[in-house]
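Novice: Quick one: the structure is below, questions incoming.
The values are calculated or read from the model by the stated rules, or taken from the named source; none is laboratory data. Note that the coordinates shown come from a computational prediction; the quantities given were computed from them, not determined experimentally. Because the Cβ atoms are built from the backbone with ideal geometry, glycine has one as well, and the counts that use them run over all protein chains shown. The accessibility values were calculated without ligands, DNA or RNA, using every heavy atom of the protein model including side chains. Shrake-Rupley method; radii C 1.70, N 1.55, O 1.52, S 1.80 Å.
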Amino acid sequence: MEESRKEIILEEMMVEYGNDLVRLAFNYVKDKETAKDVVQNSFIKCYKNLDNFRNESSVKTWLYRITINESKDYLRSWHYRKVQAKSFVQEAAKSILPSTEDKVIKESENQQIRQLIFSLPKSYRTVIFLYYYKSLKMDEIVEITGLNISTVKTRLRRGKQKLKIMMKEAGIYEE
């Protein structure tokens, strides 16, 4: 088949099937730009093998098969595995090691909350500190403070309410 005829046929296929093939490739590679590259490679293969097409299937089916194979080849490629591994390591590092900015913000908020807790009346402060910072259970707090269980629960509830109001005023807590 002559080159100009092949180019015309290829152009018609690109117009007719291009968008569908990009969507197909995207389902495999999960990246729009990569999907476009895969489809471009598919059309190059199509162009090179247009003389070998035997019309045993439709052109659409043939293009779909080429695109699927190109997508799978990409997913098996060294480049893709390297990018995936790098991405995985970066995500893992982010989750394990929060950024310095996040640490500073979190530490600042924790410091503000500690200051607010220590500005509560002693009866509330003690119960909240033992419950939240020392992770003691109610019965352990009762044992340590010598208070009745209902008194501990009431102080904890009232202390949390006061702390919530103070945190809202300080701009730390938003509902």
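Novice: What list of ³J(HN,Hα) values in whole Hz, one per residue of segment 17-28 in order, does the Karplus curve 6.51 cos²θ - 1.76 cosθ + 1.60 (θ = phi - 60°) give from phi, with Gly and Pro shown as x?
Specialist: 10, x, 5, 5, 5, 5, 4, 4, 4, 4, 4, 8
Novice: Once phi is turned into ³J(HN,Hα) by the Karplus curve 6.51 cos²θ - 1.76 cosθ + 1.60 with θ = phi - 60°, what whole-Hz value does each residue of segment 57-66 show in order, with x for glycine and proline?
Specialist: 9, 6, 4, 4, 4, 4, 5, 4, 5, 4
Novice: Please list, in order along segment 153-164, the HN-Hα scalar couplings obtained from phi with the Karplus expression 6.51 cos²θ - 1.76 cosθ + 1.60 (θ = phi - 60°), rounded to whole Hz, x for Gly and Pro.
Specialist: Result, ordered by residue: 4, 5, 5, 5, 5, 5, x, 5, 4, 5, 4, 4 Hz.
Novice: Something else: GNM on the chain, C-alpha springs below 10 Å: top fluctuator among Ser42, Ser57, Ser77?
Specialist: Per the Cα network of the chain with a 10 Å cutoff, Ser57 tops the list.
Novice: Quick one: putting +1 on the C-beta of Lys and Arg, -1 on the C-beta of Asp and Glu, what dipole do you get for the chain around its Cα centre, in Debye to the nearest 20? Kindly include the intermediate steps, with their values, before the conclusion.
Specialist: Details: 32 positive and 25 negative charges, 295 e Å.
In total the dipole reaches around 1420 debye.
Novice: Kindly provide the helix-only [θ] at 222 nm of the chain, computed as the sum of -39,500 (n - 2.57) over DSSP H runs of four or more divided by all residues, to the nearest 500 deg cm²/dmol?
Specialist: Details: 8 runs with 138 residues, N = 175.
Mean residue ellipticity, 222 nm, calculated: -26500 deg cm²/dmol.
Novice: Would you check the accessible area of Ile105, probe 1.4 Å, heavy atoms only, in square angstrom rounded to 10?
Specialist: Its heavy atoms expose roughly 80 Å² to the probe.
Novice: If you put +1 on each Lys and Arg Cβ and -1 on each Asp and Glu Cβ, how big is the dipole of segment 16-75 around its Cα centre, in Debye rounded to 20?
Specialist: The calculated dipole for segment 16-75 is roughly 100 debye.
Novice: Now for a separate question. Measuring from the lowest to the highest alpha carbon on each principal axis, how far does segment 97-160 reach, largest first, in angstroms?
Specialist: Taking max minus min along each principal axis of the Cα atoms, segment 97-160 gives 44, 23, 15 Å.
Novice: Where only protein heavy atoms count, and the probe is 1.4 Å, what is the accessible area per residue for the chain in Å²?
Specialist: Values: 12640 Å² over 175 residues.
So the chain comes to 72 Å² accessible per residue, rounded to a whole number.
Novice: Sticking with this one: Sort Tyr28, Tyr80 by heavy-atom solvent-accessible area, probe 1.4 angstrom, most to least.
Specialist: In descending accessible area the options line up as Tyr28, Tyr80.
Novice: Next up: Just to be sure I understand: if I project the alpha-carbon convex hull of the chain onto a plane and average over all orientations, what area do I get in nm²?
Specialist: Orientation-averaged projected area of the Cα hull: 18.2 nm².
Novice: Which percent of the accessible area of the chain is formed by carbon and sulfur heavy atoms (probe 1.4 angstrom)?
Specialist: On the way: 6500 of 12640 Å².
Carbon-and-sulfur percentage of accessible area, whole number: 51.
Novice: Mind listing which GluC sites (Glu not before Pro) in segment 52-93 are in a DSSP loop and have 10 or fewer other Cβ atoms within 10 Å?
Specialist: Glu56
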